[in-house]
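Input: a single structure, listed below in structure tokens.
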Amino acid sequence: MKANIGLIGLAVMGQNLVLNMSDHGFKVAVHNRSPDKTEDFLNGPAKDKGIIGAYSLDELLSSLELPRVVMLMVKAGEVVDHYIEQLVPLMTAGDIIIDGGNSLFTDTNRRTKALKEKNILYIGTGVSGGEEGARNGPSIMPGGNPDAWERVRAIFQSISAQVDNQPCCQWVGDNGAGHYVKMVHNGIEYGDMQLICEAYQLLSEGLGLSADECAGIFAQWNQGELSSYLIEITSNIMAYKDTDGAPLLEKILDTAGQKGTGKWTGINALDLGIPLTLIGESVFARCLSAMKDERVRAAERLPKPVKSYTGDKQAMIDAIRDALYASKIISYAQGFRLMREAAAEYQWSLNYGEIALMWRGGCIIRSAFLNDIKAAYTENPQLENLLLADFFVNAMQQTDGGWRKAVIAGIELGIPTPAFSSALAYYDGYRTARLPANLLQAQRDYFGAHTYERTDQPRGQFFHTDWTGYGGKTASSTYTV
Ligand code: 6PG
């Protein structure tokens with residue numbers, strides 16, 4: 001019997017996806033660069049599951065039913081191109097290559113187009129959920145050549161997480177759309193994690209609460225509107241004890257790592273001119289944390305406000321929860337706004353409600369809150385910004401006071417809250433009809449004759465003023481062809 005799909009790359013995600021596919025009745029053939037790994041897998045976790053081991057790409061391809069589907073679970077970047085180059089000469093028209101790694105969406109754009117010319121159908125798909133998700137049901141975000149979708153739909157939708165009997169996997173869009181949406185997912189993941197960390201520092205350092213007390217608070221928060229995988233694991237992490245009985249969390253060095261998907265999201269937001277401040281701050285917060293030695297030296301030189309919190313503790317705990325929830329809404333509003341711009345820029349027709357549904361289960365940012373986002377887009381698929389949906393207008397009204405209180409406490413106590421406070425700055429800017437950009441335009445015109453529009457004239461007419469009396473009459477826009 002031929003296999004339904006071949007998978008290359010037996011690292012942790014690859015192995016678990018294979019086992020998941022096999023459990024769902026699909027016959028899988030596997031290949032790994034080093035044959036030992038294939039052997040270990042077939043004699044270990046894959047024993048007696050009928051999985052076919054292939055020790056060359058030729059062998060892999062000849063074990064597959066037509067049209068052949070080969071999924072790459074290898075390191076993003078050159079390795080993907082390397083395998084594509086090796087596979088293409090062995091394939092025939094209509095065969096499918098899938099890249100399930102965290103590839104940059106522009107690489108997926110390029111690969112989909114190049115392979116289309118060779119009549120090979122390409123899919124670039126986000127797969128989220130880590131090892132456990134891959135084994136028991138990840139969130140899968142496929143994009144690429146739509147002609148490939150029907151061939152792989154049954155496999156992807158049956159191995160993905162299911163919520164309310166719906167698979168957390170739908171076709172996202174052409175070319176790099178799937179990897180783009182996965183990139184934004186990861187950016188949002190960075191934001192969610194940073195927000196939780198800021199809440200943790202305010203609770204532990206600001207209010208002097210122990211790791212166990214923090215664990216209890218997060219467990220409680222997990223019962224309400226903040227209910228999510230990341231809040232749940234945070235509570236478990238806080239409660240976890242090292243071998244000596246002390247909280248392990250407190251012994252972990254405070255320098256964050258990152259592989260780059262959050263940075264990509266920030267770079268793309270800058271390219272598209274969309275404010276994605278919370279994710280940007282979250283990336284920079286990781287960078288600042290990594291400057292450990294320099295921070296330790298700075299801590300000795302630069303004074304911290306000598307203040308401790310003396311108010312009502314429970315009131316501040318509630319304010320911190322409000323700050324976390326309100327900032328999270330801002331983060332998702334910014335992320336979905338970015339995707340809206342990307343859809344226009346890259347000619348994708350993204351379905352935001354479906355994206356929210358795909359993220360509801362299986363992935364790292366899975367949460368109850370994504371149901372509210374789905375509901376907002378169901379009510380109005382053209383929604384300009386999540387913040388304008390009734391549900392979120394109400395949520396912002398309810399959390400506004402607590403959010404500001406928590407940010408002020410951070411400022412007074414000298415505890416950094418870059419995500420809480422930049423989210424608040426975005427919110428205040430977004431809901432302000434008139435910003436001080438009039439002055440900015442005047443400054444640009446003053447020193448560079450960059451021109452400005454006037455409030456008393458129709459949009460699109462540009463004016464220049466000779467501010468000093470010795471400037472010329474020529475505006476810089478004269479030279480803009
Ligand atoms: C997922 C995750 C995953 C990501 C890790 C590490 O959706 O399963 O987003 O794709 O690679 O979370 O990311 P960083 O090393 O950048 O934190």
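The values are calculated or read from the model by the stated rules, or taken from the named source; none is laboratory data. As the structure is a computational prediction, the values presented were derived from the model and not from experiment. Don't worry about glycine lacking a Cβ; one is built from the backbone with ideal geometry, like all the others, and counts go over all protein chains shown. The area values use the complete protein model at the heavy-atom level, side chains included, leaving out ligands, DNA and RNA. Shrake-Rupley method; radii C 1.70, N 1.55, O 1.52, S 1.80 Å.
Once R0 is set to 30 Å, what does the formula 1/(1 + (r/R0)^6) return for the Cβ-Cβ distance between D164 and Y240, expressed as a FRET efficiency to the nearest 0.05? Spell out each step's value before the answer.
On the way: r = 32 Å, r/R0 = 1.05.
It comes to 0.40.
Counting only the heavy atoms of the protein chains, how much of Y426 is accessible to a 1.4 Å probe, in Å² to the nearest 10?
Surface open to solvent at Y426 totals about 30 Å².
Using a cut-off of 20 Å between alpha-carbon atoms, which aspartates and glutamates can reach K263, once sequence neighbours fewer than 8 places away in the same chain are excluded?
E78, D107, E189, D192, E198, D254, D271, E281, E341, E345
What is the extension gain from E150 to Q314, computed as 0.36 nm multiplied by their sequence separation minus the C-alpha to C-alpha distance, in nm to one decimal?
Full-extension gain reported as 53.7 nm.
Suppose each label sits 7 Å from its Cα in the direction of the beta carbon; what would the Q220-E132 distance come out to in nanometres?
A separation of 2.4 nm, rounded to one decimal place.
Measure nothing but the geometry: give the 0 to 90° angle between the long axis through the Cα atoms of 313-346 and the longest principal axis through the Cα atoms of the chain, rounded to 10°.
Taking Cα atoms only, the helix is inclined about 70 degrees.
Between E412 and D212, what is the spin-label point distance in nm, taking each point 7 Å from the Cα along the Cα→C-beta axis?
Once both label points are built, they end up 3.0 nm from each other.
Summing -39500 (n - 2.57) over the DSSP H runs of n ≥ 4 in the chain and dividing by its residue number, what mean residue ellipticity at 222 nm do you reach, to the nearest 500 deg cm²/dmol?
Computed ellipticity for the chain at 222 nm equals -16500 deg cm²/dmol.
If N is the number of residues in the range 1-158, what value comes out of its Cα radius of gyration divided by 2.2 N^0.38 Å?
0.94
Which order, highest average first, do 358-365, 6-13, 452-459 follow once you tally other Cβ atoms within 10 Å for each residue and take the mean per peptide?
Output ranking for 358-365, 6-13, 452-459: 358-365, 6-13, 452-459.
Counting every Cα pair in the chain, what percent are over 37 Å apart?
Summing the P(r) of the chain above 37 Å gives 38 percent of all pairs.
Could you tell me whether the range 103-251 comes out rounded, prolate or oblate from its Cα gyration tensor? Rule is a ≥ b ≥ c as square roots of the eigenvalues, rounded for a/c under 1.5, then prolate if a/b exceeds b/c, otherwise oblate.
Note, shape of the range 103-251 comes out prolate.
Would you report the distance distribution of C-alpha pairs in the range 164-262 as whole percents per 5 angstrom bin, up to the bin with the largest distance?
All Cα pairs considered, the percentages come to 2, 11, 16, 19, 17, 13, 9, 7, 4, 1, 0.
Under a no-solvent Debye model with one identical scatterer per Cα of the range 328-481, what's log10 I(q)/I(0) at q = 0.13, 0.16, 0.20 Å⁻¹?
Evaluating at q = 0.13, 0.16, 0.20 Å⁻¹ gives log10 I(q)/I(0) of -0.85, -1.00, -1.19.
Work out, step by step, the length gained on full extension between L66 and A368: first 0.36 nm times the residue separation, then minus their alpha carbon distance; give nm to one decimal.
104.7 nm
Could you pull out every one of the aspartates and glutamates with an alpha carbon less than 14 Å from that of K304, ignoring same-chain neighbours closer than 8 positions?
E205, E412
Could you give the angle, 0 to 90 degrees to the nearest 10, between helix 229-239's Cα long axis and the longest principal axis of the Cα atoms of the chain?
80 degrees
Just to verify a number: FRET efficiency for Y55 and R431, C-beta to C-beta distance, R0 = 51 Å, to 0.05? Before the final figure, lay out the partial values.
Working: r = 61 Å, r/R0 = 1.20.
That pair, Y55 with R431, gives E of 0.25.
In the chain, carbon and sulfur make up what percent of the accessible area (probe 1.4 Å)?
52 percent
Taking the Cα atoms only, what angle lies between the long axis of helix 261-272 and the longest principal axis of the chain, rounded to 10 degrees?
So the helix axis and the longest Cα principal axis differ by about 60 degrees.
Could you give the length gained on full extension between Y470 and D81, defined as 0.36 nm per residue of separation minus the Cα-Cα distance, in nm?
Fully extending the segment from Y470 to D81 adds 134.2 nm.
Rounding to the nearest 20 debye, state how big the charge dipole of the chain is about its Cα centre with +1 on each Lys and Arg Cβ and -1 on each Asp and Glu Cβ. Let's see the in-between values first.
Values: 44 positive and 55 negative charges, 122 e Å.
Computed about the Cα centre, the dipole is about 580 debye.
List the lysines whose Cα lies under 26 Å from the Cα of K241, skipping any in the same chain that are fewer than 8 positions away.
Result set, ordered by chain and number: K251, K292, K313.
What's the local net charge at L230, with K and R +1, D and E -1, over the other residues with C-beta under 15 Å away?
Here the charged neighbours net out to -2.
Per residue, what accessible area does the chain have, given a 1.4 Å probe and all protein chains present, in Å²?
Using a 1.4 Å probe on heavy atoms only, each residue of the chain averages 48 Å².
With point charges of +1 on the Cβ of Lys and Arg and -1 on the Cβ of Asp and Glu, referenced to the Cα centre of the chain, which listed residue (A211, S235, A419) lies farthest in the positive direction of the dipole?
A419
Taking a spot 7 Å from the Cα of E345 along the direction of its beta carbon, which residues of the range 168-184 have an amide N less than 13 Å from it?
Under cut-off, by backbone N: 180-181, 184.
Over 22 Å apart: what share of the alpha carbon pairs of the range 243-341 falls there, rounded to a whole percent?
57 percent
Only residues of the range 133-154 count here: report those whose backbone N is under 14 Å from the spot 7 Å along Cα→Cβ of K116, or say none.
Within reach of a label on K116: 143-149.
What ranking, highest mean first, results for peptides 287-293, 53-59 when packing means the other Cβ atoms within 10 Å averaged over each residue?
Ranking the peptides 287-293, 53-59 by packing returns 53-59, 287-293.
For the cross-link pairs K259/K328; K37/K259; K2/K259; K49/K116; K27/K118, which exceed 32 Å when the distance is taken from alpha carbon to alpha carbon? Before the final figure, lay out the partial values.
Working: K259/K328 22 Å; K37/K259 24 Å; K2/K259 37 Å; K49/K116 34 Å; K27/K118 27 Å.
Table pairs above 32 Å Cα-Cα are K2/K259; K49/K116.
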